[in-house]
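**Student:** One structure, pasted below without further comment.
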Amino acid sequence: MRGVGEKKARLYARANEAAIEAYARLVQTKNIDCRLERVTSYLYSNIDETKLKEELKAATFLGIDAFWTKETELPFAVAGAVGFRNQAQFCATDFVKYIAGELEILEHTMVEKVRGKKVFTKDKVYTADYIVMATHYPMRNVPGFYFLRQHQERSFVLELSGC
């Protein structure tokens with residue numbers, strides 16, 4: 001909560017919980033076979049418990065379902081861990097394959113401008129209820145001009161068998 005305050009920390013926690021529920025509803029409603037399961041997530045240390053105990057105190061203060069343990073499902077011993085119950089995991093590849101089938105996805109398409117629910121390209125105007133702009137650099141960043149302060153990085157996605 002340090003730096004952002006209790007109100008924003010509480011909103012962030014609730015937003016994350018709501019996101020888990022929204023994904024679970026979507027998977028159930030659309031019957032997506034992505035092996036969604038509820039799990040406990042662990043924040044752990046192999047060295048020191050002090051900061052973890054502070055995390056636990058903050059989490060419980062915010063009403064997050066968290067607990068202290070030294071016994072985890074991790075394949076190694078830990079000095080201590082904060083467990084967060086009722087988290088979720090699923091195969092993202094299977095989820096995206098299903099969802100992408102319902103969407104019109106335009107790759108390598110130069111967008112000239114976005115106005116409201118319209119996307120303008122050189123050859124066509126697209127209308128959509130929701131527009132996702134996935135770029136390395138922000139398109140709409142006035143007055144921030146963040147692109148002037150950015151550097152290029154690469155990130156990769158890896159799919160492993162048994163996902």
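**Student:** Zone of residue 91 (label point 7 Å along Cα→Cβ, backbone N under 12 Å): which residues in region 26-41?
**Tutor:** So the set is 33-36.
**Student:** Ok, one more. Report the label-to-label distance for residue 118 and residue 103 in nanometres (one decimal), using points 7 Å from each Cα along the Cα→Cβ vector.
**Tutor:** So the label points at residue 118 and residue 103 sit 2.4 nm apart.
**Student:** Tell me the label-point distance for the pair residue 69, residue 129, using the 7 Å Cα-to-Cβ offset, in nm and rounded to one decimal.
**Tutor:** 4.0
**Student:** How big is the accessible area of residue 85 in square angstrom, nearest 10, if you roll a 1.4 angstrom probe over the protein chains?
**Tutor:** Using a 1.4 Å probe on the heavy atoms, I get roughly 100 Å².
**Student:** Based on alpha-carbon centroids, what's the gap between region 112-135 and region 62-84 in Å, whole number please?
**Tutor:** Result: 44 Å between the Cα centres.
**Student:** How about residue 122: which lysines have a C-alpha closer than 26 Å to its C-alpha, ignoring those fewer than 8 places off in the same chain?
**Tutor:** Counting by Cα, and skipping residues close in sequence, residue 122 has these lysines nearby: 113.
**Student:** On alpha-carbon atoms, Rg over Rh for region 69-131 using Kirkwood Rh?
**Tutor:** 1.31
**Student:** Any idea what % of Cα-Cα pairs in region 1-114 are farther than 24 Å?
**Tutor:** That tail contains 47 percent of the Cα-Cα pairs.
**Student:** Given +1 on the Cβ of Lys and Arg, -1 on the Cβ of Asp and Glu, and no further charges, what dipole in debye does region 1-106 carry about its Cα centre, rounded to the nearest 20?
**Tutor:** The dipole of region 1-106 has a size of about 360 debye.
**Student:** Could I ask something else about it? For region 13-74, what log10 I(q)/I(0) values come out of the Debye formula at q = 0.14 1/Å, with one point per alpha carbon and no solvent?
**Tutor:** -0.56
**Student:** So which of 30/117; 7/118; 7/57; 7/51; 30/124 end up more than 23 Å apart by C-alpha?
**Tutor:** Those over the limit are 30/117; 7/118; 30/124.
**Student:** DSSP loop GluC sites (Glu not before Pro) in region 52-94 with at most 11 other Cβ atoms within 10 Å of their Cβ, which ones?
**Tutor:** 71, 73
**Student:** Ordering 110, 133 by how much accessible area each has at a 1.4 Å probe, largest first, what is the list?
**Tutor:** 110, 133
The values are calculated or read from the model by the stated rules, or taken from the named source; none is laboratory data. Predicted, not measured: the structure shown is a model, and the values here were computed from it. FYI the Cβ positions are ideal-geometry reconstructions off the backbone, even for glycines, and counts take in every protein chain you see. Heads up: the accessible areas ignore ligands, DNA and RNA and are worked out on the full protein's heavy atoms, side chains in. Shrake-Rupley method; radii C 1.70, N 1.55, O 1.52, S 1.80 Å.
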